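Read-outs throughout are calculated quantities, based only on the coordinates presented, and are distinct from any laboratory measurement. In this text, all values refer to a predicted model and were calculated from it rather than measured experimentally. So basically every Cβ, Gly included, is an ideal-geometry build from the backbone, and we count neighbours across all protein chains shown.
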Amino acid sequence: MRPPEEMYAIHAMPAFDDAPVLVHAFTGYVDAGGAVRMTIDHILETCEHRLVATFDVDEVMDFRARRPVLSYSVDHFTGVDIPAIHLHEVIDAEGTPFLLLAGPEPDYQWLRFITAVAGLGEQFGIRLSVAISGIPWPAPHTRPLGITVHGSDPSLVQGFRSMVGDVDVPGHMGAMLEFHLAQEGFDSMGITAQVPHYLAQFQYPQGAQTLLNGLSMITGLALPSGGLEALAAQATQEINDQLVGNEEFSTVVTALEHQYDQARGASSEAPGEDPEHVPTGDEIAAQLESFLRELDADEGTAGA
């Protein structure tokens with residue numbers, strides 16, 4: 001393996017009075033509802049920050065799989081949006097500094113990349129690393145978003161109840177880094193927003209709100225979600241507009257509400273409601289597919 005230190009360039013050397021938190025956030029594979037991307041954008045838009053290090057994306061990105069977007073005007077190209085993986089020093093609302101490693105999930109050289117990040121963590125003396133992600137979840141948008149919290153030590157997840165047992169999942173950089181940092185002796189954990197699965201392909205600001213609140217609660221960082229409320233309200237209004245007159249999808253949402261409440265020990269059945277008429281999983285899936293096809297058709301009509 002070539003020296004992992006050659007993967008990045010240092011632009012500034014922060015000096016921390018206390019051991020900082022490292023938040024790592026990768027867009028792409030586990031970013032349901034755009035939760036991770038919106039969280040990154042919100043932090044960098046609302047918090048003072050400076051660039052600490054830049055990773056060489058030419059080493060780790062497959063540009064033919066994820067082609068950079070070129071801007072074109074009349075008769076010439078005017079610019080190109082090259083993806084970037086940056087490490088920032090960020091100052092929270094109360095003046096506490098922390099590190100944010102953010103960008104698209106690398107395609108290549110995962111083990112070398114992970115080793116490089118672990119080296120930076122040791123160099124800057126991090127006290128805790130936290131991964132953030134968003135996954136599709138069988139839950140309705142009419143209920144508060146849940147989070148899954150996982151960590152390298154039971155003390156890190158004390159007070160959080162897991163609804164997941166033993167499962168095998170496809171590897172992704174956030175989880176790989178979380179696991180490897182734990183193996184290297186760092187306190188390492190992750191927060192995953194449970195985004196309604198029928199909204200996973202749409203921008204759902206509630207996912208970013210959930211991640212920000214989770215980060216604040218677990219790390220003690222002051223990361224207000226102000227500014228996302230209007231976006232979240234707009235998203236909810238757009239979803240509710242789609243539900244008007246759509247009996248089929250309203251049934252799906254009611255079924256998900258029932259399942260959500262039952263899983264938490266609180267029934268949502270109205271007087272006289274018959275649980276035997278709750279659609280099966282296959283019926284819900286078919287109705288969701290139909291609903292999403294209608295959304296695509298509506299968007300195509302609007303853009304015509």
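Residue exposure proxy: Phe179, Phe113, ordered by other Cβ atoms within 10 angstrom of their Cβ from fewest to most, comes out as Phe179, Phe113. Residues whose amide H comes within less than 5 Å of that of Ala131, counting only those at least five positions distant or on another chain, are His24, Met189, Gly190, Ile191 (H built at 1.01 Å from N in the peptide plane).
Taking the Cα centre of the chain as origin, sum charge times position over the Cβ atoms of Lys and Arg (+1) and Asp and Glu (-1), and report the length of that vector in debye to the nearest 20.
The calculation lands at about 680 debye.
Amide H to amide H, with H built 1.01 Å from N, Val195 comes under 5 Å of Ile135, Trp137, counting only residues 5 or more places away or on other chains. In this rough spin-label picture, where each label sits 7 Å from Cα along the Cβ direction, the Ile82-Gln158 distance is 4.8 nm. Once the Cα atoms are used to define both axes, helix 229-243 deviates from the longest principal axis of the chain by about 30 degrees. Taking Cα atoms only, the orientation of helix 247-263 departs from the longest principal axis of the chain by about 70 degrees.
Extension gain for Phe16 to Arg67 (0.36 nm times residue separation, less C-alpha to C-alpha distance): 14.6 nm. The H on the amide N of Asp107, modeled in the peptide plane, is under 5 Å from the matching H of Met61, Asp62, each at least 5 residues off or on a different chain. When you filter the GluC sites (Glu not before Pro) in segment 44-100 for DSSP loop state and at most 13 other Cβ atoms inside 10 Å of their Cβ, you are left with Glu94.
Going by Cα centres, segment 96-111 and segment 170-228 are how many Å apart? Distance between centres, Cα-based: 13 Å. Against the chain, whose longest principal axis comes from its Cα atoms, helix 173-183 is set at around 60 degrees. Each label point was placed 7 Å from the Cα along the Cα-to-Cβ direction; for Asp75 and Gln262 their separation is 6.7 nm. Here is how the number arises for the chain: DSSP H runs of 4 or more residues each give -39500 (n - 2.57), the sum is divided by the residue count, and the result at 222 nm is -12000 deg cm²/dmol. Model label sites at Leu44 and Phe202, defined 7 Å from Cα along the beta-carbon direction, differ in position by 2.6 nm. Compute log10 of I(q)/I(0) for the chain with the Debye formula, placing one identical point scatterer on every Cα and leaving out solvent, at q = 0.07, 0.13, 0.15, 0.16 Å⁻¹, to two decimals. Rounded to two decimals, the profile gives -0.32, -1.02, -1.26, -1.37. Which listed residue (Ala230, Ile135, Phe55) has the Cα farthest towards the positive end of the charge dipole for the chain, taking +1 on Lys and Arg C-beta and -1 on Asp and Glu C-beta about the Cα centre? About the Cα centre, the residue reaching furthest to the positive side is Phe55.
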